[in-house]
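Below: one structure, written as structure tokens.
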Amino acid sequence: LTEDAIENEIEGNLRQVDDTLNSIKHLAVDINVQLSIQEPKLDRIQNLMENSDLAMGGANERVKKLLSD
């Protein structure tokens, strides 16, 4: 192989690496956008679950009290 052929191969490989890194960067940006969208929804679901858990706990206590009377 000539020096030019080696340099061309190296440049081609570097372009592939650059393209791959750009793809990874865009993927990371897309993931970050989705996390920003999903996080408030997950927080809301968590709050609803906590409220439901408290309500169920209270209902269970009332049922236990009724059954023990």
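For every residue, the table says whether it meets (1) on the phi > 0 side of the Ramachandran plot; (2) among the hydroxyl-bearing types (Ser, Thr, Tyr); (3) at pLDDT below 95.
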residue	(1), (2), (3)
Ile10	no, no, no
Ser36	no, yes, no
Arg44	no, no, no
Asn47	no, no, no
Glu61	no, no, yes
Ser68	no, yes, yes
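Among the residues of the stretch 40-48, is there at least one that is loosely packed, with under 10 Cβ neighbours inside 10 Å and without any contact (Cβ under 8 Å) to a residue 12 or more places away in the chain? If you could, list the steps in order and put the result at the bottom.
If we filter the stretch 40-48 for residues that are loosely packed, with under 10 Cβ neighbours inside 10 Å, which is where we start, we get 40-41.
Narrowing the set further to residues that are without any contact (Cβ under 8 Å) to a residue 12 or more places away in the chain leaves 40-41.
Yes, the stretch 40-48 has at least one match.
How many residues does the stretch 49-59 hold that are at pLDDT below 95 and of a type in the set (S, T, N, Q)?
0
For the stretch 17-39, enumerate the residues that are among the hydroxyl-bearing types (Ser, Thr, Tyr) and surrounded by 10 or more Cβ atoms within 10 Å (Cβ to Cβ). If you could, list the steps in order and put the result at the bottom.
Of the residues in the stretch 17-39, the ones among the hydroxyl-bearing types (Ser, Thr, Tyr) are 20, 23, 36.
The answer is Thr20, Ser23.
The values are calculated or read from the model by the stated rules, or taken from the named source; none is laboratory data. Nothing here was measured: the structure is a model prediction, and the numbers come from that model. Here Cβ is always computed from backbone atoms with ideal geometry, including for glycine, and neighbour counts include all displayed protein chains.
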